[in-house]
Amino acid sequence: QVQLVESGGGLLQPGGSLRLSCVASGVIGSIHIMNWYRQAPGKERELVARIFSAGTTNYADSVKGRFTISRDNAKNTLYLQMNSLKPEDTAVYYCKADLRYGGYNWGKGTLVTVSS
């Protein structure tokens, strides 16, 4: 119903910044909540941030104050601005759309590696 394509991952040093993007296509009107998740090697997938249709945002404690989730509705694009990156932020970051009446769609992920 909704297709999601993430981009913007890469390799950078601790303290650096990166902005991830997620472009949505399909039935955009069916989206209720947009989310960023991440999964580090050997760890379970973790909710990083989410933004509701009204604009309210939630963040994991581990990223609060460093990451900002936002969207550009005109471009059907979700963003995750990541600042003051730490090695423990290294993970595959996934975009996820929760739909209005149930169901969801995942992107394929983009890798962020924070290393000196």
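The values are calculated or read from the model by the stated rules, or taken from the named source; none is laboratory data. This structure is a prediction, so every number in the text was calculated from the model and none was measured. Neighbour counts are summed over all protein chains in view; Cβ atoms, including those assigned to glycine, are modelled from backbone coordinates with ideal geometry. Just so you know, the surface numbers come from the protein's heavy atoms only, side chains and all, with ligands and any DNA or RNA stripped out. Shrake-Rupley method; radii C 1.70, N 1.55, O 1.52, S 1.80 Å.
On the accessible surface of the chain, probed at 1.4 Å, how many percent belong to carbon and sulfur atoms?
49
Rolling a 1.4 Å sphere over the protein heavy atoms, what is the accessible area per residue of the chain, to the nearest Å²?
That works out to 53 Å² for each residue.
Which residue, SER21, SER53, SER70, has the most motion in a Gaussian network model of the chain that connects Cα atoms within less than 10 Å?
Highest fluctuation among the options: SER53.
Let me cross-check ASP61: its accessible surface, 1.4 Å probe, with only protein heavy atoms counted, in Å² to the nearest 10?
Surface accessible to solvent at ASP61 totals approximately 130 Å².
Order the following by accessible area, largest value first: LYS75, LYS96, LYS86. Probe radius 1.4 Å; ligands, DNA and RNA are ignored.
LYS75, LYS86, LYS96
How large is ³J(HN,Hα) for each residue in the range 44-59, as worked out from phi by the Karplus curve 6.51 cos²θ - 1.76 cosθ + 1.60 (θ = phi - 60°), to whole Hz, x for Gly and Pro?
Couplings: 7, 5, 10, 6, 9, 7, 9, 10, 8, 4, 7, x, 5, 10, 10, 9 Hz.
When we measure straight from the Cα of LYS86, which lysines land under 26 angstrom away, once same-chain ones fewer than 8 places off are left out?
By straight Cα distance, LYS86 reaches LYS43, LYS64, LYS96, LYS108.
Please report, in debye to the nearest 20, how large the charge dipole of the range 31-99 is about its Cα centre when each Lys and Arg carries +1 at its beta carbon and each Asp and Glu carries -1 there.
80
Fully extended, how many nm does the chain gain between PHE52 and LEU99 (0.36 nm per residue separation, minus their Cα-Cα distance)? Numbers along the way, then the final one.
Numbers: separation 47, 0.36 × 47 = 16.92 nm, distance 1.09 nm.
Length gained, PHE52 through LEU99: 15.8 nm.
What residue among GLY16, GLY65, GLY42 shows peak mean-square fluctuation when the chain is described by a Gaussian network model with Cα springs under 10 Å?
Among GLY16, GLY65, GLY42, the largest GNM mean-square fluctuation belongs to GLY42.
Give me the percent relative contact order of the chain, please, defined on Cα pairs under 8 angstrom at least 6 residues apart. Kindly include the intermediate steps, with their values, before the conclusion.
Values: 282 pairs, mean separation 43.6, N = 116.
Computed over the chain, the figure is 38 percent.
Answer with one residue from THR56, GLN1, ILE31: the one whose Cα lies farthest towards the positive end of the charge dipole of the range 1-71, charges on Cβ with Lys, Arg +1 and Asp, Glu -1.
With unit charges placed on the Cβ atoms, the residue in question is THR56.
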